[in-house]
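Structure record follows, encoded as structure tokens.
The values are calculated or read from the model by the stated rules, or taken from the named source; none is laboratory data. Small disclaimer: the values here were computed from a predicted structure and weren't measured. Cβ atoms come from the backbone with ideal geometry, glycine included; neighbour counts cover every protein chain shown. To get the accessible areas, we keep the full protein, side chains included, count just its heavy atoms, and leave off ligands, DNA and RNA. Shrake-Rupley method; radii C 1.70, N 1.55, O 1.52, S 1.80 Å.
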Amino acid sequence: MALIQDVLEIVRKRNRNEPEFLQAVTEVLESIRPVIDRSKKLRDARILERLVEPERLIQFRVPWIDDKGQIQVNRGFRVQMNSALGPYKGGLRFHPTVYAGIIKFLAFEQVFKNSLTGLPMGGGKGGSDFDPKGKSDREVMRFCQSFMTELFRHIGPNTDVPAGDIGVGGREIGYLFGQYKRLANEFTGVLTGKGLNWGGSLIRPEATGYGAVYFAQEMLKTRDETIEGKVCTVSGAGNAAQYTVEKLLQCGAKPVSMSDSSGYIYDKNGITEEKLAFVMSIKNVRRGRINEYAKKFRGSKYVAGQRPWGIKCDCAFPCATENEITAEDAKKLVNNGCYLVSEAANMPSVPAAVDLFVQKKILFGPGKAANAGGVATSGLEMSQNSMRLPWPREEVDSRLRHIMSTIFKISWETAEEYGEPGNLVVGANIAGFVKVADAMLDQGVV
Ligand code: NDP
């Protein structure tokens with residue numbers, strides 16, 4: 001008890017003004033308390049004190065020239081959090097809200113998530129406060145080239161393998177890869193989420209969203225239910241959200257909302273494949289706003305400046321960003337009969353929302369378990385790159401399904417073992433932690 005509080009106090013002092021990092025660390029440390037209490041070995045080895053300190057944090061200047069010939073300066077980051085299980089692995093986020101605290105929280109979560117996948121990957125994360133919105137393709141390319149001109153010396157296929165996250169999709173990965181190849185004079189699997197004809201894996205674009213739905217299916221099985229016919233609210237309209245909606249449709253569920261940072265759309269008739277194709281063209285090709293949906297499809301409406309959590313639903317899939325489900329939103333969801341939340345986004349529910357979901361015993365899949373399909377399939381992309389052999393779609397998808405069901409199973413069983421049946425927050429945190437901690441013990445004081 002005292003030890004956890006002491007470590008949290010150190011984290012608070014050393015990482016002032018980084019509330020997201022503190023939030024992520026607090027949740028994990030509080031749930032792994034019983035493991036620490038049982039193990040003098042872990043306490044003596046100062047595993048917690050080491051876990052909360054990144055192995056390396058790189059911050060760098062990213063100067064680039066915009067289309068008007070003006071010089072712009074952004075800040076780049078890579079946090080190499082923990083390499084006990086393998087090379088650092090985790091996405092890059094380009095968003096104006098990015099600062100060290102966001103990248104550190106994401107890197108910390110990534111350590112346990114990657115451990116849960118069962119694949120040999122350590123945890124890292126990176127990004128920049130660069131905002132790709134409203135930038136031309138040329139500007140995005142120049143930014144990516146400048147970003148990689150520094151990052152390339154810190155990464156490599158056996159050292160650190162970044163991928164995408166918010167604001168970093170296929171276009172950005174292409175520009176980043178091109179610059180890495182040019183600087184390193186090497187065509188290797190240094191990034192995942194690559195294009196299909198140059199080393200990418202089938203199913204990688206779909207993996208985060210598909211995985212979150214597979215995880216939801218596993219949760220529903222414990223109540224002898226399926227996702228078919230369920231009314232589902234989804235937030236976000238990017239990669240995670242699009243493929244969550246696609247998989248929900250394939251499974252016969254009824255997704256009714258999507259959103260972006262300006263507001264949400266609600267379609268009481270349900271988002272169909274045709275409507276989803278329109279969203280994909282708005283977001284991936286024209287890079288427009290979600291409100292265009294409501295202008296195009298009769299029976300739908302757009303609500304500016306709000307999130308979709310007041311809509312009556314059976315299941316909710318937050319797929320946008322951290323802390324997008326407030327305590328108030330959580331109450332609305334539960335009072336409206338929502339009994340499943342599968343987090344495709346990272347840390348989308350504030351701590352009070354998580355507490356409510358756990359207390360009400362709804363089926364709650366925390367991000368580090370429910371959205372692990374993205375990084376798991378990145379791991380599968382790395383395997384294919386090492387073998388120089390692409391796997392067919394069915395093979396990657398069946399491995400993804402298997403990994404999601406295994407993550408569910410170990411999280412569920414671990415929660416039971418520690419006297420918290422059904423609490424997947426505790427189950428996922430402990431199961432992810434134990435493997436990392438054991439590897440750290442084996443590898444000595446490093
Ligand atoms: P995208 O950039 O493709 O899409 C992000 C979506 O979320 C957009 O619709 C965006 O709206 C919205 N959004 C972003 N920031 C905010 C904000 N502050 N408030 C409201 N809406 C916001 O990113 P992804 O879909 O890849 O990522 C979404 C979430 O999934 C993130 O939490 C990410 O960490 C997580 N995740 C992603 C993985 C992946 O493989 N891509 C893997 C695991 C987790 P707008 O366009 O207006 O900014």
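Give the residues of region 227-243 that are open to solvent by 10 Å² or more (accessible area, probe 1.4 Å) and small (G, A, S), sorted by residue number. Step through it out loud before you land on a result.
Narrowing region 227-243 to residues open to solvent by 10 Å² or more (accessible area, probe 1.4 Å): 228-231, 238-240, 243.
If the condition is that a residue be open to solvent by 10 Å² or more (accessible area, probe 1.4 Å) and small (G, A, S), then G229, G238, A240 are the ones that fit.
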Checklist entry - Just wondering, is there one or more residues in region 325-342 that are touching a Phe, Trp or Tyr at 6+ places or on another chain (Cβ under 9 Å) and under 26 Å from M121 (Cα atoms)? => result yes
Next on the checklist: Yes or no: region 396-410 includes at least one residue that is at pLDDT 95 or above, assigned to a loop (DSSP other than H, G, I, E, B), in contact with a Ser or Thr (Cβ under 9 Å, 6 or more places away or on another chain) and farther than 21 Å from M347 by Cα.
Outcome noted: no
Checklist entry - Which numbered condition trips up L48, out of (1) touching a helix residue (DSSP H, G or I) at 6+ places or on another chain (Cβ under 6 Å); (2) open to solvent by less than 10 Å² (accessible area, probe 1.4 Å); (3) more than 23 Å from L441 (Cβ to Cβ)? => result (3)
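Could you please find all residues in region 343-362 being touching a Phe, Trp or Tyr at 6+ places or on another chain (Cβ under 6 Å) and either in a helix (DSSP H, G or I) or open to solvent by 10 Å² or more (accessible area, probe 1.4 Å) (or both)?
Scanning region 343-362 gives F357, I362.
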Next on the checklist: Any residue that is open to solvent by 70 Å² or more (accessible area, probe 1.4 Å) and of a type in the set (A, V, I, L, M) - is there at least one of those in region 270-290?
Outcome noted: yes
Next on the checklist: Regarding region 411-429, can at least one residue be identified that is within 20 Å of A241 (Cα to Cα), crowded, with 23+ Cβ neighbours inside 10 Å and outside the structural domain of G236 (by TED's automatic domain parsing)?
Outcome noted: no
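R307: modelled with pLDDT under 95, within 24 Å of P348 (Cα to Cα) and open to solvent by 10 Å² or more (accessible area, probe 1.4 Å), yes or no?
For R307, the condition - modelled with pLDDT under 95, within 24 Å of P348 (Cα to Cα) and open to solvent by 10 Å² or more (accessible area, probe 1.4 Å) - is not met.
Counting only residues that are over 27 Å from S261 (Cβ atoms) and either outside the structural domain of V98 (by TED's automatic domain parsing) or outside any loop (DSSP other than H, G, I, E, B) (or both), how many does region 149-160 have?
7
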Item to check | Hits in region 368-401 - residues which are within 12 Å of the ligand (Cβ to nearest atom) and of a type in the set (D, E) | outcome: E381
Item to check | All positions within region 161-187 that are open to solvent by 20 Å² or more (accessible area, probe 1.4 Å), within 16 Å of the ligand (Cβ to nearest atom) and either assigned to a helix (DSSP H, G or I) or free of Cβ contacts under 8 Å to residues at least 24 places away in the same chain (or both) | outcome: G170, R171, G174, Y175
Next on the checklist: Taking the criterion of being modelled with pLDDT of 95 or more and within 12 Å of the ligand (Cβ to nearest atom), would at least one residue in region 348-361 satisfy it?
Outcome noted: yes
Next on the checklist: I'd like to know if region 411-431 contains one or more residues that are of a type in the set (D, E, K, R), touching a residue at least 24 places away in the same chain (Cβ under 8 Å) and either in a helix (DSSP H, G or I) or away from the ligand (no atom under 16 Å from the Cβ) (or both).
Outcome noted: no
